[in-house]
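Undergrad: So that we are looking at the same thing, I have put the structure below in structure tokens.
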Amino acid sequence: MSTNPYLDLQTRLQHLETPDPSTPLTVQINSLQQWFQQNFLGSESDRPDSEQSLLVEIHKQLRLLATDAAFLQTAKTPQTQQQRQQQIRDRLSTLNRYCNHLLNPDDNT
């Protein structure tokens, strides 16, 4: 991976957009959560407050993503499965926007 941890995070999120079919989505998300915690939450740093706030929000969204994936796994009807898949896509989109902001803090898009 790259030397920029935010770029690594973005790459890992993009891999979830087309998940590996041989590994359950919940396992892939849990792996990402562990990596995130080790790389961003495990060490205290002198990050600016705005950056730290985004990292806290990303951590929350990753936990919600794991919940969405668990609900998808238990969905019984096609309609519920589609709703859960859309929730996951929306959450990944949100996480990617956060990463973009961390990578380009001066870009207001």
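The values are calculated or read from the model by the stated rules, or taken from the named source; none is laboratory data. All figures in this text were calculated on a predicted structure; none of them were measured in a lab. Reconstructed Cβ throughout: ideal geometry from the backbone, glycine too, with neighbour counts over all protein chains shown. These area figures cover heavy atoms from the full protein model, side chains too; ligands, DNA and RNA do not enter into them. Shrake-Rupley method; radii C 1.70, N 1.55, O 1.52, S 1.80 Å.
Undergrad: Quick test of the membrane-span-like rule: which DSSP H helices of the chain reach at least 18 Å along their long axis (C-alpha atoms) with mean Kyte hydropathy at least -0.5?
TA: What comes out of the filter, once short or polar helices are dropped, is 49-74.
Undergrad: Still on this structure, please answer the following. Keeping every protein chain present and rolling a 1.4 Å probe, give me the accessible area per residue for the chain in Å².
TA: Ligands and nucleic acids excluded, the figure is 64 Å² per residue.
Undergrad: State the percentage of accessible surface on the chain attributable to carbon and sulfur atoms; use a 1.4 Å probe and exclude ligands, DNA and RNA.
TA: On the way: 3320 of 6990 Å².
Looking at the chain in its full context, I get 47 percent from C and S.
Undergrad: Please express the shape of the stretch 5-106 as an equivalent ellipsoid: the semi-axes are the square roots of 5 times the eigenvalues of the C-alpha gyration tensor, given largest first in whole angstrom.
TA: 26, 14, 12
Undergrad: For the chain, with only Lys/Arg (+1) and Asp/Glu (-1) charged at the beta-carbon, what is the dipole magnitude about the Cα centre, in debye rounded to 20?
TA: For the chain, the charge dipole is close to 580 debye.
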